[in-house]
1. Which of the numbered conditions does residue 102 fail, given that it passes all the others? Conditions: (1) part of a helix (DSSP H, G or I); (2) over 24 Å from residue 80 (Cα atoms); (3) touching a helix residue (DSSP H, G or I) at 6+ places or on another chain (Cβ under 8 Å).
2. Restricting attention to the range 96-107, does a residue exist that is surrounded by 15 or more Cβ atoms within 10 Å (Cβ to Cβ) and under 16 Å from residue 204 (Cβ atoms)?
3. Every residue in the range 179-218 that is touching a helix residue (DSSP H, G or I) at 6+ places or on another chain (Cβ under 8 Å), in contact (Cβ under 8 Å) with a residue 40 or more places away in the chain and over 20 Å from residue 241 (Cα atoms), please.
4. Would you confirm whether or not the range 240-251 contains a residue that is farther than 14 Å from residue 174 by Cα, in contact with a helix residue (DSSP H, G or I) (Cβ under 8 Å, 6 or more places away or on another chain) and not in a helix (DSSP H, G or I)?
5. In the list 114, 128, which residue meets the criterion of being surrounded by 20 or more Cβ atoms within 10 Å (Cβ to Cβ), in a strand (DSSP E or B) and either in contact with a strand residue (DSSP E or B) (Cβ under 9 Å, 6 or more places away or on another chain) or in contact (Cβ under 8 Å) with a residue 12 or more places away in the chain (or both)?
6. Report, by residue number, each residue of the range 218-229 that is part of a helix (DSSP H, G or I) and touching a strand residue (DSSP E or B) at 6+ places or on another chain (Cβ under 6 Å).
7. Can you tell me which residue among 58, 69, 50 is free of Cβ contacts under 8 Å to residues at least 40 places away in the same chain, surrounded by 15 or more Cβ atoms within 10 Å (Cβ to Cβ) and within 15 Å of the chain's Cα centre (by Cα)?
8. Look through 2, 34 and report the one residue that is crowded, with 16+ Cβ neighbours inside 10 Å, touching a residue at least 60 places away in the same chain (Cβ under 8 Å), under 15 Å from the mean Cα position of the chain (by Cα) and over 29 Å from residue 135 (Cβ atoms).
């Protein structure tokens, strides 16, 4: 079993042929998909897909790029959306100072709103952070002082120091196809050191296709390529890594259940 813990099935490149995309992934051995939302207008779509597909789950949240357009979003709206039985996570949310597509203060405020709902519901927070390590850590530490909440750094590309800090806070880390890139030496070193019980895998499709598919539209089926590369890197069999990362997924996203178990 392999789980794609972060994909965007409603995005162009996948949504037009979603049935075929899912069929190819299932044939490749992918047994579960977390379909991530990035703006409020997507919430109904990601939930609808999860209602139709027993091995697809949904998240609700606002990407930092979309923060300005959702500056007035309150915790109540997000909390209400989390009540759907197929919504198992909150996000993606976080901070992105690389593109700065939204005001940084608005990003930080909305990030804290998401954290508050994660704390209240117990649903894991799916965090995007780019060029914002200091502020991300400051907010996570401050909010952790107010009460625990489960969380995951998705598509990890940060520093080793940041990785150590978030692991100390109890977070999990998800690795994408970036780890297969030739210029990702630092990430490859970090990926070898992530504790076995904190590791997940993802595609972030339709983005970041791993080698040997780099330059193509990424699909959830490519989780296999990332998992195989990661297993080799860590000196494990892909079967062991798949079993471990799937176990970690269901431990973190405890509202989910394996599709075969509910059939």
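1. The failed condition is (1).
2. Within the range 96-107, one or more residues are surrounded by 15 or more Cβ atoms within 10 Å (Cβ to Cβ) and under 16 Å from residue 204 (Cβ atoms).
3. Across the range 179-218, the qualifying residues are 205, 208, 218.
4. No, every residue in the range 240-251 fails to be farther than 14 Å from residue 174 by Cα, in contact with a helix residue (DSSP H, G or I) (Cβ under 8 Å, 6 or more places away or on another chain) and not in a helix (DSSP H, G or I).
5. Of 114, 128, the one residue that is surrounded by 20 or more Cβ atoms within 10 Å (Cβ to Cβ), in a strand (DSSP E or B) and either in contact with a strand residue (DSSP E or B) (Cβ under 9 Å, 6 or more places away or on another chain) or in contact (Cβ under 8 Å) with a residue 12 or more places away in the chain (or both) is 128.
6. 220, 223, 226, 227
7. 58
8. 2
FYI, it's all coordinate maths here, none of it is from the lab. Not measured: the values here are computed from a predicted model. Cβ coordinates were reconstructed from backbone atoms using ideal geometry, including for glycine residues, and neighbour counts include every protein chain displayed.
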